[in-house]
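Undergrad: After the structure tokens below, expect a handful of questions from me.
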Amino acid sequence: MLRKQTFETNIYMKLFRWAYIFLMSSLCVTLTVTPFFLAVVSLAIDSQNILPFAFSLLFFGPAVGAALSVADGFKQEYDVAPVRQFFSAYRRLGWRHLLFWLPGWLGSIVASVDIFFFAKVTNGQWMIPFFILIAVSGIGLSINCWYFQMKNPKASIKDIFRISIYYVFRKWYISLLNVLVFLLIPLLMLLKPQFGFIITPSVFIGLIYLNASRLHKSTQTDVSKS
């Protein structure tokens, strides 16, 4: 006699559920970065539009931080209510994730402006690697902060910054990889909106989560004791 299949035993039901989780997570990110979406669909890629594009990128902080919470919930049980988990994390920690994004956001803007300036100055090209390092370090710090805050929601901002700065340099290769993956998110949104806004955010943020989990073997460790 054939046994009736349940969700736990039916691989096709699982795959459909997982596809739903990834899709809804991406749509939640898109919804919370609406200013960037509007900039992409309404503004030309031109130096005159740098300010609105730069401002719209500010909304990535709370969005990515909340999406990491969805990835963490999915890892625990291989199932999660993506919309509820996303906006619960967004509501509880959104302002902190925005604060943690400031080093990466400001560092990227300052580095971009300086690179543009020094590229036109005689021998100024020698300064470009330094500004790239500033941007990469700032974004890497922000990613670490999002991850450790998500894992330690009651930790102080000071403790989160402290351990995040430590791991930016202690595990620089993981930080660099996460920065490269993170930069693909707005880049694909800009170049291929149909994929960048609907499909890829949850995929890349999931990769960032997996990489960030390697920063500390015991992800539940209280950062205030680290």
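Undergrad: Can you pull out every residue in segment 106-126 that is open to solvent by 60 Å² or more (accessible area, probe 1.4 Å) and under 30 Å from S156 (Cα atoms)?
TA: L106, V110
Undergrad: Search segment 1-44 for residues being β-branched (V, I, T) and part of a helix (DSSP H, G or I), and hand back the single one that is modelled with the lowest pLDDT.
TA: Per the criteria, the residue is I11.
Undergrad: Residue by residue through segment 163-185, note down the ones that are crowded, with 16+ Cβ neighbours inside 10 Å and over 20 Å from L210 (Cβ atoms).
TA: Result: I165, single match.
Undergrad: From the list F116, F55, which residue is out of contact with any Gly (no Cβ under 9 Å at 6 or more places or on another chain), within 21 Å of T30 (Cβ to Cβ) and of a type in the set (F, W, Y)?
TA: From the options F116, F55, the qualifying one is F55.
Undergrad: With (1) open to solvent by 20 Å² or more (accessible area, probe 1.4 Å); (2) at pLDDT 90 or above as the list, and G61 as the residue in question, which single condition is left unmet?
TA: The failed condition is (1).
Undergrad: Name, by its number, the condition in (1) more than 20 Å from A54 (Cβ to Cβ); (2) surrounded by fewer than 22 Cβ atoms within 10 Å (Cβ to Cβ) that does not hold for L98.
TA: (1)
Undergrad: Any residue at all in segment 178-197 that's among the aromatic types (F, W, Y), at pLDDT 95 or above and under 21 Å from G107 (Cβ atoms)?
TA: There is at least one residue in segment 178-197 that is among the aromatic types (F, W, Y), at pLDDT 95 or above and under 21 Å from G107 (Cβ atoms).
Undergrad: Moving on to the next point. Being crowded, with 20+ Cβ neighbours inside 10 Å and either out of contact with any helix residue (DSSP H, G or I) (no Cβ under 8 Å at 6 or more places or on another chain) or closer than 24 Å to A39 by Cβ (or both) is the filter here; which residues of segment 64-89 pass it?
TA: Those that are crowded, with 20+ Cβ neighbours inside 10 Å and either out of contact with any helix residue (DSSP H, G or I) (no Cβ under 8 Å at 6 or more places or on another chain) or closer than 24 Å to A39 by Cβ (or both): V64, G65, A66, A67, L68, F86.
Undergrad: Looking at P103, P129, which is the one that is buried (at least 17 other Cβ atoms within 10 Å of the Cβ) and either assigned to a helix (DSSP H, G or I) or of a type in the set (A, V, I, L, M) (or both)?
TA: P103
Undergrad: Another one. I need the full set of residues from segment 133-180 which are charged (D, E, K, R) and in a helix (DSSP H, G or I), in order please.
TA: Scanning segment 133-180 gives K151, K158, D159, R162, R170.
Undergrad: Residues being open to solvent by 10 Å² or more (accessible area, probe 1.4 Å), in contact (Cβ under 8 Å) with a residue 60 or more places away in the chain and of a type in the set (A, V, I, L, M, F, W, C): count how many of those fall in segment 132-153.
TA: 1
The values are calculated or read from the model by the stated rules, or taken from the named source; none is laboratory data. Every value quoted in this text rests on a predicted model; they were computed, and no experiment measured them. Using ideal geometry, Cβ is built from the backbone for each residue, glycine included, and neighbour counts are taken over all protein chains shown. Heads up: the accessible areas ignore ligands, DNA and RNA and are worked out on the full protein's heavy atoms, side chains in. Shrake-Rupley method; radii C 1.70, N 1.55, O 1.52, S 1.80 Å.
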